[in-house]
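Here is the structure we will look at.
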Number of protein chains: 2
Amino acid sequence: MSRLVDIGENAVVGRLIEQLGRACENDDQLVVGPGDDCAVVDLDQADRYQLLKTDSIVEGIHYLSETAASKVGWKAVARVISDFAAMGGMPSHLLITIAMPPQTPMSYLEQLYHGMQNCASLYGATICGGETSSVPDGAAAVISVAATGWVEKNRCVRRSGGKAGDLVMVTGSLGGSITGKHLSFSPRVNQARWLTDHFEINSMMDLSDGLGCDLPRLAASSQCGYLLNENNLPCNEGTSVDQALGDGEDYELLFTVSSQIANSLRASWAKQFPDLKLSVVGELTERSEEVVVNEQGWQHFKR
Amino acid sequence: MSRLVDIGENAVVGRLIEQLGRACENDDQLVVGPGDDCAVVDLDQADRYQLLKTDSIVEGIHYLSETAASKVGWKAVARVISDFAAMGGMPSHLLITIAMPPQTPMSYLEQLYHGMQNCASLYGATICGGETSSVPDGAAAVISVAATGWVEKNRCVRRSGGKAGDLVMVTGSLGGSITGKHLSFSPRVNQARWLTDHFEINSMMDLSDGLGCDLPRLAASSQCGYLLNENNLPCNEGTSVDQALGDGEDYELLFTVSSQIANSLRASWAKQFPDLKLSVVGELTERSEEVVVNEQGWQHFKR
């Protein structure tokens with residue numbers, strides 16, 4: 001009998017998506033089903049799609065019981081908003097589900113909501129409902145955020161739109177998020193909105209599990225191979241290449257554009273966001289082979 | 001320091017709603033915020049509102065670890081669909097969040113999704129995404145369902161629309177759900193749709209915590225008192241009045257209508273749904289006093 005731990009998250013999700021597939025295909029409103037950063041629904045609004053996303057954080061896995069509640073709340077909401085940014089969109093309404101032990105102090109819950117609301121309002125979203133449920137004392141708390149959002153139909157960017165020859169770019173710096181950034185990061189909504197307003201972005205996602213995990217996902221969605229140039233990784237100060245690739249929780253944007261517009265994009269970016277790096281870390285290739293360039297030359301990607 | 005267990009669910013939710021209140025008031029799209037069965041959003045679709053709802057079930061509280069996974073899945077989705085019925089609406093898209101220990105068998109998760117999908121498709125809804133996360137081994141599993149739905153603007157029924165003099169009606173039978181119904185109930189979507197299509201329904205909600213808990217909530221939302229006639233309760237076979245009032249998980253409709261249309265409604269109902277009881281269990285009153293009529297005469301409501 002295979003257990004979730006034997007199969008691994010990617011394969012578990014893959015099997016569930018396969019199970020859901022036919023029902024999704026029969027849904028005329030559904031533009032993008034499971035497998036992208038958000039689901040995309042066409043509600044017959046003139047120029048907009050609706051975006052749908054849910055994400056949860058678990059005590060002991062995504063945060064510690066001693067973490068300040070307002071930071072936990074910020075993180076829970078910011079993770080979801082980062083997924084809207086990844087599609088080029090904006091969040092609008094959030095529903096919060098809290099499952100906590102009965103012994104939790106009320107002040108903890110209020111601080112948690114304070115953090116959630118701070119993040120939501122900064123990005124123009126409203127917490128409009130939810131549910132508070134209890135888990136047995138001693139059990140891990142779970143905070144789940146479900147959200148609607150929107151994006152203009154002609155600015156919706158999927159993971160699957162990458163083309164062979166595209167350059168692969170990432171915003172900001174990678175690695176070492178666990179030292180603090182994972183609790184206080186700013187979802188790259190403004191940057192994504194600016195990108196889709198001024199340039200043709202072929203594919204995009206947010207970096208939640210680390211570039212070493214997420215770039216292969218984006219390339220696979222786009223039915224491309226990729227070349228990753230480890231020499232160009234924007235490693236955070238004090239982090240190694242391996243950490244930049246594998247730590248995860250960077251919540252930066254990973255996107256691909258035609259090489260023809262890359263220089264113009266980088267020049268405009270430097271003026272628009274002078275304090276935020278933009279790095280070319282590789283390219284999408286025709287073949288399904290995966291190649292990593294590093295100081296020792298290149299190697300086939302084996303992770 | 002007050003803890004959630006000291007304050008109680010109603011007061012916890014009340015305090016959080018108060019905290020969220022101002023942000024909700026400033027949201028022009030939000031027609032109904034926290035406190036009703038669903039949030040209601042006006043997306044500028046011609047004749048429709050969007051409905052939003054999230055709900056979760058927890059292992060050891062809402063179901064047992066030995067319960068068949070497909071039944072657990074059915075229940076998780078049916079609870080949410082029941083909330084759409086309570087507004088007179090229909091579900092459309094569902095996002096599923098599963099937090100489970102790594103040792104969970106893959107077949108359990110597949111059966112769980114099977115049950116969820118059966119329920120969703122029966123009511124015209126699509127599971128279009130979600131997330132699978134892990135909780136530490138030994139921790140309780142949490143299944144959270146977030147959903148969008150819709151209702152015609154002129155058929156959206158709130159808890160707060162009840163008027164003094166309205167008769168209070170419930171569908172089906174009450175009490176004893178724990179013996180099986182809580183895992184296999186049919187959300188009253190068809191009944192609610194029929195009601196709002198043919199009659200003016202002033203207020204409505206679904207019975208999740210028991211009539212003794214939910215009728216006071218509906219009356220308070222409508223700024224009314226109520227009279228509850230315990231002699232008229234549709235108790236399930238083998239259940240006492242106290243069980244019918246307090247067991248919860250009935251997932252029946254509780255609604256109020258003007259006394260002038262009550263007889264006509266009951267006659268039409270009997271033809272349309274010959275196999276499902278409809279009972280008049282009380283009325284809304286002007287005063288804030290709460291009165292229960294029982295075999296011993298009447299008493300002020302103290303629960």
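When residues of region B:163-206 are filtered for being open to solvent by less than 10 Å² (accessible area, probe 1.4 Å) and either more than 16 Å from B:K75 (Cα to Cα) or among the hydroxyl-bearing types (S, T, Y) (or both), how many remain?
14
Does A:N231 satisfy being over 21 Å from A:N10 (Cβ atoms), part of a helix (DSSP H, G or I) and modelled with pLDDT under 95?
Details: over 21 Å from A:N10 (Cβ atoms): yes; part of a helix (DSSP H, G or I): yes; modelled with pLDDT under 95: yes.
Judged against the criteria, A:N231 is a match.
Working only within region A:126-143, note down all residues that are at the interface with another protein chain (Cβ under 7 Å from one of its Cβ atoms), in a strand (DSSP E or B) and under 20 Å from A:H62 (Cβ atoms). Reasoning before the result, please.
Going residue by residue through region A:126-143, those that are at the interface with another protein chain (Cβ under 7 Å from one of its Cβ atoms) are A:126-136, A:139-140, A:142.
Right, trim to in a strand (DSSP E or B) and you get A:126-134, A:142.
Selection gives A:I127, A:G130, A:E131, A:T132, A:S133, A:S134, A:V142.
Give the residue that is farthest from B:L112 (Cα to Cα), with candidates limited to residues of region B:145-162 that are open to solvent by 30 Å² or more (accessible area, probe 1.4 Å) and touching a helix residue (DSSP H, G or I) at 6+ places or on another chain (Cβ under 7 Å).
B:S160
Looking at (1) touching a strand residue (DSSP E or B) at 6+ places or on another chain (Cβ under 7 Å); (2) within 14 Å of chain A (Cβ to nearest Cβ), which is the one condition that is false for B:S173?
So B:S173 meets the others, but not (2).
Being farther than 18 Å from A:F185 by Cα, in a helix (DSSP H, G or I) and open to solvent by less than 50 Å² (accessible area, probe 1.4 Å) is true for just one of A:A267, A:A262, A:A220, A:A244. Which residue is that? Step through it out loud before you land on a result.
Numbers: A:A267 fails: open to solvent by less than 50 Å² (accessible area, probe 1.4 Å); A:A220 fails: open to solvent by less than 50 Å² (accessible area, probe 1.4 Å); A:A244 fails: farther than 18 Å from A:F185 by Cα.
Checking each option against the conditions leaves just A:A262.
Wholly within region B:1-113, which strands (runs of 3 or more DSSP E) include no fewer than the required count, namely at least 2 residues that are within 7 Å of chain A (Cβ to nearest Cβ) and under 28 Å from A:V40 (Cβ atoms)? Before the answer, list the steps.
On the way: elements: B:30-32, B:39-41, B:48-58, B:90-100.
Filter on region B:1-113 gives B:39-41, B:48-58, B:90-100.
Results for (1) without any contact (Cβ under 8 Å) to a residue 12 or more places away in the chain; (2) farther than 23 Å from A:S184 by Cα, shown as yes or no for each residue.
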residue: A:G35; (1), (2): no, yes
residue: A:S56; (1), (2): no, no
residue: A:L64; (1), (2): yes, no
residue: A:G73; (1), (2): no, no
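Based on what the data block shows, is B:R303 open to solvent by 50 Å² or more (accessible area, probe 1.4 Å), of a type in the set (D, E, K, R), closer than 16 Å to B:V170 by Cβ and at pLDDT below 95? Give the derivation first.
Values: open to solvent by 50 Å² or more (accessible area, probe 1.4 Å): yes; of a type in the set (D, E, K, R): yes; closer than 16 Å to B:V170 by Cβ: no; at pLDDT below 95: yes.
So B:R303 fails the test.
Any idea which of (1) at pLDDT 95 or above; (2) open to solvent by 30 Å² or more (accessible area, probe 1.4 Å); (3) aliphatic (A, V, I, L, M) is the one A:L254 doesn't satisfy?
Exception for A:L254: condition (2).
If only one of B:D197, B:D137 is among the acidic types (D, E) and assigned by TED's automatic domain parsing to the domain that holds B:D42, which one is it? Steps first, please.
Details: B:D197 fails: assigned by TED's automatic domain parsing to the domain that holds B:D42.
Answer to the selection: B:D137.
The values are calculated or read from the model by the stated rules, or taken from the named source; none is laboratory data. Predicted, not measured: the structure shown is a model, and the values here were computed from it. As a convention, Cβ positions derive from the backbone with ideal geometry for all residues, glycine included, and neighbour counts pool all protein chains shown. For accessibility, only protein heavy atoms count, side chains too; no ligands or nucleic acids. Shrake-Rupley method; radii C 1.70, N 1.55, O 1.52, S 1.80 Å.
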